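The values are calculated or read from the model by the stated rules, or taken from the named source; none is laboratory data. Note that the coordinates shown come from a computational prediction; the quantities given were computed from them, not determined experimentally. Positions of Cβ are backbone-derived with ideal geometry, glycine not excepted, and every protein chain shown enters the neighbour counts. The accessibility values were calculated without ligands, DNA or RNA, using every heavy atom of the protein model including side chains. Shrake-Rupley method; radii C 1.70, N 1.55, O 1.52, S 1.80 Å.
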Amino acid sequence: MSTLEALLAAAERGAPPAPDGGLTVVAQPSPRDLGVIAFTGHTVVFADLPPAWVRERLPAGDLSAPVNPPFLLELGLRTGRSAGNLDLLAVAGPLPGPPPLALREVTASGHPRVERALAYRDEVRVWTCEGGLLTVGRGVAGRWEAAVEVEPGHRGRGLGRLLATAARHLAARPLWAQIAPGNAASVRAFLAAGYVPIGSEVLLIPR
């Protein structure tokens, strides 16, 4: 497959790259999106760089090298960017019927989660409920991405899981989630909502 869009579409259908220990280098899907996705046994680097430059800096057979600091530092120096978080990448299909909780769509918000969504995604929509917030938008390679935020006083009651599930009822296409592995509560919420881990991802951000 020659594009990141095609690779992600196949992964949505349950056909990620074969776990052959290989490396695929593809062009950036947009000037904004540059990074590394590590699937099981196969890594994809999406950057507007010669594939030979990428391969020369990665030891053969070292599956962790593309998401480790030495390579990410070189990639950042070459592209004028800095590596962001190493996130768990998970995906879930849409669900029929209404969301499992009452949501109110809003058109503007100063919430940090919304500001982040607007910086990294297009066609962003935002819903709120008591104690929580849900955003859905088109992110890397145009894939649909969901993110949730639960206010401190409402945590530990399953609201994160309900919001992550609600996103699936509001989407017509599979939804992706980027989750910091250290945020165990968020990981549990998305897993409980039916999102399936599919790999890890590092995006490189302009300095």
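Accessible area per residue for the range 86-159 is 51 Å², calculated with a 1.4 Å probe on protein heavy atoms, without ligands, DNA or RNA. Projected label points at Arg207 and Ser64, each 7 Å from Cα along the beta carbon direction, are separated by 2.7 nanometres. Measuring between their Cα centroids, the range 39-64 and the range 134-194 lie 29 Å from each other. If R0 equals 35 Å, the separation of the Cβ atoms of Glu105 and Asn85 corresponds to a calculated FRET efficiency of about 0.80.
Can you give the FRET efficiency to the nearest 0.05 for Trp53 and Asn183, using r as the Cβ-Cβ distance and R₀ = 25 Å?
0.15
A simple spin-label model places the labels of Arg155 and Ala119 2.1 nm from each other, with each point 7 Å out along Cα-to-Cβ. In this simple spin-label model, placing a label point 7 Å from the Cα along the Cα-to-Cβ direction at both Ala192 and Thr3 gives a separation of 3.8 nm.
Please sort by residue number the trypsin sites (Lys or Arg not before Pro) in the range 140-203 whose DSSP state is loop and whose Cβ has at most 12 other Cβ atoms within 10 Å.
Arg157
When the helices of the chain are scored as -39500 (n - 2.57) per DSSP H run of n ≥ 4 and the total is divided over every residue, the value at 222 nm lands at -7500 deg cm²/dmol. At full extension, Ala27 and Ala172 could sit 49.5 nm farther apart than now, given 0.36 nm per residue minus the alpha carbon distance.
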